[in-house]
Amino acid sequence: MTVFDWLRRFLLLDEAAGRRGGAALELPWMHRWHHVPKRSAGPDFRREDYRRARENAREVARATLGERLWTRVQLQGYLDVPSRRFPGLTYRLRIGRRIEVRCAPGVESPWPFAYLCINPTYPLPEEEFFAQLYLYVRDREDEVIRVAAPQPWDQMLGRTF
C-alpha cells in the first residue's frame, strides 16, 4: 500500500472511503471550484438545494453568533468587530460583502484601501460564510491580515450564494 492509498483509506479522502453508515462525508475543499460560476454552487444544484442550503446556513449563523448578535446583524445589516491588533480600527462585517475597514479619527489604516476581500475556498451560502468570517476576525485576526486582499471598492463576494 502506498502512502497515498493509506491516506485515502484512513483519512477518508475519496467518496468511496468517505462513507460512514451509508452517508457520504463531504470534503469540498478537496475539489477544484474554478469552473463554477460566481454566486453559484454548481450546475447540479437545484432550486430546492439552494433553499435548503440557505435555511441550514441561517441556523448555523444563528447558533454561531448567538441570538443577541444574530438579531443585531439582522436589524443593522452589519456587525462591527474591533481589532485586537490595531487600536482604533474596526472591521465591519456584512453578509455577502467584503470586509469594510473603519478607522477612528486620527488612526491610519494598515492597508491602502478601505475594503478587504476574503472568499471561501468553495461555494457556501452567504450567512454561513459570514459566521465563519466573524469567528476568524474575532479569534484569528492574524490569519485574516495574512490572507485578505485589500480592495479600493466594495462588492459582493464571488464564492457565496
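Observations on the model:
- Debye, to nearest 20: dipole size of the stretch 40-161, +1 on Lys, Arg Cβ, -1 on Asp, Glu Cβ: 160 debye
- Positive minus negative residues near Asn119 (Lys, Arg vs Asp, Glu; Cβ under 12 Å): +4
- Couplings for the stretch 152-157, taken from phi via the Karplus curve 6.51 cos²θ - 1.76 cosθ + 1.60 with θ = phi - 60°, read x, 9, 8, 6, 6, 6 Hz in order; Gly and Pro are left as x.
- Electrostatic bookkeeping for Arg92 treats Lys and Arg as +1 and Asp and Glu as -1; over the other residues with beta carbon under 12 Å from its beta carbon, the sum is +1.
- Which of Ile118, Ile99 has the fewest Cβ neighbours within 10 Å, and the rest in rising order: Ile118, Ile99
- Taking θ as phi - 60° and the Karplus parameters 6.51, -1.76 and 1.60, the scalar couplings of the stretch 93-106 work out to 9, 10, 4, x, 10, 5, 6, 9, 9, 10, 10, 5, x, x Hz in sequence order, x denoting glycine and proline.
- Over all other residues within a Cβ to Cβ distance under 11 Å of Gly77, the charged ones net out to +4, with Lys and Arg as +1 and Asp and Glu as -1.
- Between the residues Leu124, Ser83, Val144, the greatest Cα displacement towards the positive end of the dipole of the stretch 37-151, with unit charges on the Cβ of Lys, Arg, Asp and Glu, is found for Leu124.
- Annotation: amide H-H contacts under 5 Å for Tyr115 (H modelled 1.01 Å from N, sequence separation of 5 or more, or interchain): Val101, Gln151.
- Look at where the Cα atoms of the stretch 20-82 and of the stretch 89-161 average out, and the two centres are 17 Å apart.
- Choice from Leu124, Leu89, Leu25 with maximal GNM fluctuation in the chain (Cα, 10 Å cutoff): Leu25
- Fewest-first ranking of Tyr91, Tyr136, using other Cβ atoms within 10 Å as the exposure measure: Tyr136, Tyr91
Each reported figure results from applying straightforward, stated rules to the coordinates on display, with no laboratory input. Treat the numbers as computed from the prediction; the structure is a model and nothing was measured. For neighbour counting, all protein chains shown are included, and Cβ atoms are generated from backbone atoms with ideal geometry for every residue, glycine included.
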